[in-house]
Amino acid sequence: MEVKRKKVHIVQLPQKVLREKSKDVPWPLIQEDIELAEQMIDHIDYSQEENQTMYRPGVGVAAVQYGILKNMFYVNVNEGKDKIIFRDVIINPKVIAFSEEKLALHHGEGCLSVKESWPNQEGFVKRRKTIKVEGYSYFEKKKKIWTVSGYVAIVFQHELDHLQGKLFIDHIDNKKPWFKEKNLITI
Ligand SMILES: [Zn+2]
């Protein structure tokens, strides 16, 4: 069966909405926010399909990347369809604790809202190694606390930044983009 898919529009720099702060949404979710969550899930899950050419592959998206200033993001980190590491839409997240230890992806980060041609996007993006986040789970339909570490923690912090109007490029030291402090863990 052919699935008719409506392509979502992804806001990219230099659009200023990416620099605005998002707001909490009512819980339980109202219909339009349920539809937004479903759109994020469909978009990111489909972007990970082999051979699709509609989207740049992604592991997460925040509502602001559709131009909607709501505190919602979706993360799907997996090692294949049968090995899900983290998959949920997080609603109204708050960081309640974080580790002192920092880490960064050894090849840097990327973002669906930052075109590959955008300057100065290469370099270490230092993140907390572990964070504790409180929010509502779309799949479990309840308030939860997640403790995430490593790669999933990086993705969470990237998406949490979006809700504050921040982007990964803000964290890069443009003078010394690949300078590795001795306490920085790279993965
Ligand atoms: Zn992003």
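Data table
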quantity	calculated
HN-Hα J in Hz across the stretch 120-127 - Karplus 6.51, -1.76, 1.60, θ = phi - 60°, x for Gly and Pro	6, 10, 9, x, 5, 10, 6, 10
Over the stretch 1-160: Rg over Rh, Cα atoms, Kirkwood Rh	0.94
Residues Gln12 and Ile145, FRET efficiency given R0 of 35 Å [Cβ-Cβ distance, rounded to 0.05]	0.60
Burial ordering of Leu105, Leu36, fewest other beta-carbon atoms within 10 Å first	Leu105, Leu36
Total lysine pairs under 21 Å (Cα atoms) in the stretch 47-137, excluding pairs fewer than 8 apart on one chain	10
On Cα atoms only, tilt of 31-47 relative to the major axis of the chain in degrees	60
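None of the figures in this text is laboratory data; all of them are computed from the coordinates on show. Keep in mind that what you see is a predicted model, and the values were worked out from it rather than measured. We place every Cβ from the backbone using ideal geometry, glycine too, and count neighbours over all the protein chains shown.
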